[in-house]
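Peer 1: Have a look at this one.
Readers should treat all values here as calculations from the given coordinates under stated rules, not as data from a laboratory. On a predicted model such as this, the values are computed, not experimentally measured, just so you know. Cβ placement follows ideal geometry from the backbone for every residue including glycine, while neighbour counts extend to all protein chains displayed.
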Ligand SMILES: Cc1cc2nc3c(=O)[nH]c(=O)nc-3n(C[C@H](O)[C@H](O)[C@H](O)COP(=O)(O)O)c2cc1C
């Protein structure tokens, strides 16, 4: 059975909601899924014993891109993540009225390139309330599962 680790950073619960919905889809596709708040996750866990690692952060700030507050310190340590050649998928919530829509997801994508990780599909960027994007979330998660 393939194993997936989903790590999310979420302040008002939107990215957490997406993480759980994605997790349900992956589980229905037969994967063993672990969902963790980034605040309780160590960088060394990434890719360690998992076939697929999913990372999700909302974006805060305005004049410049800021990660969700718990994800910010995690991101600073991500240079040490052993994700070279490992399969990764990225997601996040944001609001397109801000200058840098889902900027945190863009920064994660760049970081994955630096680490040599394999981003399996286009990152998921949710604009506004994830409850209004259920179909988009399911479709994206199915695509991720097909790469497992
Ligand atoms: C003060 C503030 C700053 C924000 N800055 C951005 C931003 O720069 N880019 C963006 O896409 N969304 C921005 N947002 C929108 C949040 O990312 C969005 O509400 C998201 O759904 C929150 O997800 P979370 O509950 O998982 O933290 C901002 C929201 C607030 C309240």
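Peer 1: Do any residues in the range 1-20 that are part of a strand (DSSP E or B) have Cβ atoms under 8 Å from those of residues that are within 7 Å of the ligand (Cβ to nearest atom), where the two are at least six apart or on different chains, and which pairs are they?
Peer 2: Here the result reads 8/15; 8/16; 9/15; 9/58; 9/68, each pair linking the range 1-20 to a residue that is within 7 Å of the ligand (Cβ to nearest atom).
Peer 1: Also, I was wondering about something else. Among (1) assigned to a loop (DSSP other than H, G, I, E, B); (2) closer than 23 Å to residue 48 by Cα; (3) touching a residue at least 40 places away in the same chain (Cβ under 8 Å), which single condition is residue 100 missing?
Peer 2: (2)
Peer 1: Out of the residues in the range 124-138 that are over 18 Å from residue 59 (Cβ atoms) and touching a helix residue (DSSP H, G or I) at 6+ places or on another chain (Cβ under 9 Å), state the one that is farthest from the ligand (Cβ to nearest atom).
Peer 2: Applying the filter and picking the extreme gives 138.
Peer 1: I would also like to ask the following. Please go through the range 87-105 and pick out each residue that is more than 16 Å from the ligand (Cβ to nearest atom) and out of contact with any strand residue (DSSP E or B) (no Cβ under 8 Å at 6 or more places or on another chain). Lay out the reasoning, then the answer.
Peer 2: So the first thing to find is which residues in the range 87-105 are more than 16 Å from the ligand (Cβ to nearest atom), and the list is 87-89.
Listed by number, the list is empty, since nothing qualifies.
Peer 1: For residue 121, only one of the following conditions fails: (1) closer than 20 Å to residue 64 by Cβ; (2) in contact with a helix residue (DSSP H, G or I) (Cβ under 7 Å, 6 or more places away or on another chain); (3) outside any helix (DSSP H, G or I). What is its number?
Peer 2: Failed condition: (1).
Peer 1: Which members of the range 31-86 meet the condition of being surrounded by fewer than 20 Cβ atoms within 10 Å (Cβ to Cβ), within 16 Å of the ligand (Cβ to nearest atom) and part of a strand (DSSP E or B)?
Peer 2: Selection gives 35, 36, 37, 60, 66.
Peer 1: Restricting the search to the range 87-102, which residues are surrounded by fewer than 23 Cβ atoms within 10 Å (Cβ to Cβ) and out of contact with any helix residue (DSSP H, G or I) (no Cβ under 8 Å at 6 or more places or on another chain)?
Peer 2: Hits for the range 87-102 are 87, 95, 96, 97, 98, 99, 101.
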